Structure formats: C-alpha cells, structure tokens
Amino acid sequence: MRTLALYELRRSVARKKVLALVILTILVDTLPYYFLSTAGSSSVPLAARPYLWVVGVFLPQAFFLQFIALFISAGSMSEEYEQGTAEILLSKPVSRDEYFLGKFSGGLLLLTLVVVLNAVLSVASSTFTFGLQLSLEILPSVVISQVFSALVFFSAAFMIGELVRRSSLAYIIASAVFFTSQIAGIILGAIFRLTGNEFDHLVDLYLPTSPVNSLPLLVARPSLPSEATSVLQLGGINAIESSALFSIGLIAVYAIASLVIARVYFGWADVAKKIS
C-alpha cells in the first residue's frame, strides 16, 4: 500500500493542474497580506496585527481548500481507467484493497501537504508584513482539523471518479455537488435570518459544507483571544455549526459513506483495459 501511495503522490504532483493549484495557494497566501500592507498602517489596528495569520489560514477553508481536495481526488481513480494503467497495476501482486487504499492515501497525503503549505505561507507572510504572530500553538490542531474536514469532498470526489470513470465528468459532478451545497447553505442561512424558521436552519446544519466550514473554527476559537476572533468576524469567517463533536461525526458519516460506495463498486465492476 505504501508503494501505491507514493506512486499516487508522484503521479498527482506530475499533473499540471495540481501544480497550478500549488502556485495558486502561494498567491492566495501572499497577496492579501501585500494588499493589507500597502493600504496604510492605519488600516490595520495594532491589537489585531499579531493575529493576522488567521486570515490566511481560515479564509481559504470554505472554498479553496475544498476545491483543491476534489480536484486532487476526482481524477485519482478515473485517470487510471482512461490511461489503461488500472489493469496493469492490478495485474501485479496487489490486492484491490491495497490498490484502493494506496490511491486514496496517496492523494490524501498530497492534500495534507497543500494544507500545511497554506498554513506555513500564511504565518510567514503575516510575520513578514506585520511582525511577530501570536497564538500559533493552536496551528497544528487547526491544520489537522482542516485535513479532516476536507475528507468530505475528497472522499465524495474519489467516489464519483470511481463511479463514472471519466476524469472530466468526475470534476464537473464533484464541483457541482460542492457549489450546490455552498449556495444552498447561503440561501438557507439568509432565509433563517429573515424568517426564523428552524427547519431551514436544521437543513443548513446537515449540509456537507456546514461541518466542513465550521470544524476548524470550532477547534481554534476557544484558544483565540478576542483580537483574533474580531479579525475573523471582520473577514466574514463564521462557524455555522455550534458543536465540534457534531461536526466531526457528520464529516465522518459523509466520508465513510462515500468510501464504502466507492469500494463496493470497485470490487463489483470490471477493470476495463482502457476507456477512450
């Protein structure tokens, strides 16, 4: 399984789309601090400056990190079918379980590296532009929670890639699921604030994007001072869920369900020589 995981990591890194996403990560984590620094010293309160790392760490959570997750994962299985390499790999002394877990863990390792890169660049950029950053001791737990949160759409895209076995179609479907959930959450949240209808709020809580967007904030918030939370609020970064345990459970349910469906189909379906 380790060999397949490393193979998947090398294969993913070699793809131009993934490299483009890494470059985009660098831009996402450096440009905001550049614009803040050029806006003038009075634009950023002194009390908030030691906590501006939270902007780069949490701002990409809702969209960018999830989009990277599905982009990495959607082609993991489907591209092997398109290139005709799935049958070659499975003709070796490799079980389907080893192949399945190796592909999944290799892609997840790459996603973890991107999340870590996002955090490191955010801290480095904020330190360079605004000086020493504080409360960084919570960063490891935040990074772990971000990787765990990304399992929802990473697993869903992995499943879709196995089911449709077409990389372009898998990207489209996975992206549609992601954006539909995001848009539905925004609409339901607005309706709830206007009408106070608890049913709308309940549906919003169970959307896959709600625990994904909320868990890292719920993990970090108890350890962040008021200056840091005010920075998050000014950036419009808020948690929809109120319980970290509920978010963890919901993320686990979505991720496990996707993986079970993908594994059952992978064990049942034939491995085609090549899909044109």
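The values are calculated or read from the model by the stated rules, or taken from the named source; none is laboratory data. Predicted, not measured: the structure shown is a model, and the values here were computed from it. No Cβ is skipped: glycine too gets one built from the backbone with ideal geometry, and neighbour counts run over all protein chains shown.
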| message | On the basis of being at pLDDT 90 or above, farther than 30 Å from L46 by Cα, surrounded by 16 or more Cβ atoms within 10 Å (Cβ to Cβ) and in contact with a helix residue (DSSP H, G or I) (Cβ under 6 Å, 6 or more places away or on another chain), does I191 make the cut? | response | yes
| Given segment 204-276, what helices (runs of 4 or more DSSP H) lie entirely inside it while holding 3 or more residues that are within 30 Å of V44 (Cα to Cα)? | 209-220, 226-234
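Looking only at segment 35-86, which residues are of a type in the set (S, T, N, Q) and farther than 23 Å from L217 by Cα? Give the derivation first.
Here is the first cut: in segment 35-86, the ones of a type in the set (S, T, N, Q) are 37-38, 41-43, 61, 66, 73, 76, 78, 83, 85.
S37, T38, S41, S42, S43, S73, S76, S78, Q83, T85 - these are the residues of segment 35-86 that are of a type in the set (S, T, N, Q) and farther than 23 Å from L217 by Cα.
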| field | Residue in segment 38-56 that is touching a residue at least 40 places away in the same chain (Cβ under 8 Å) and under 30 Å from L169 (Cβ atoms) present | value | no
| task | Please list, ordered by first then second residue, the pairs with beta carbon atoms under 6 Å, 6 or more apart or interchain, first in segment 226-250 and surrounded by fewer than 19 Cβ atoms within 10 Å (Cβ to Cβ), second at pLDDT 85 or above and in a helix (DSSP H, G or I). | result | E227/Y51; G235/V55
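Looking at segment 61-153, what helices (runs of 4 or more DSSP H) fall wholly within it and have at least 2 residues that are buried (at least 24 other Cβ atoms within 10 Å of the Cβ) and of a type in the set (S, T, N, Q)?
Counting at least 2 such residues, we get 64-83, 96-130, 139-149.
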| query | Can you spot a residue in segment 39-54 that is closer than 21 Å to L6 by Cβ and in a helix (DSSP H, G or I)? | reply | no
| query | Is it fair to say F158 is of a type in the set (F, W, Y) and farther than 18 Å from L9 by Cβ? | reply | no
| task | Working only within segment 12-23, note down all residues that are free of Cβ contacts under 8 Å to residues at least 40 places away in the same chain and under 14 Å from F71 (Cβ atoms). | result | K16, L19, A20, I23
| said: Kindly evaluate A190 against the criterion of being under 30 Å from G102 (Cα atoms) and among the hydrophobic types (A, V, I, L, M, F, W, C). | reply: no
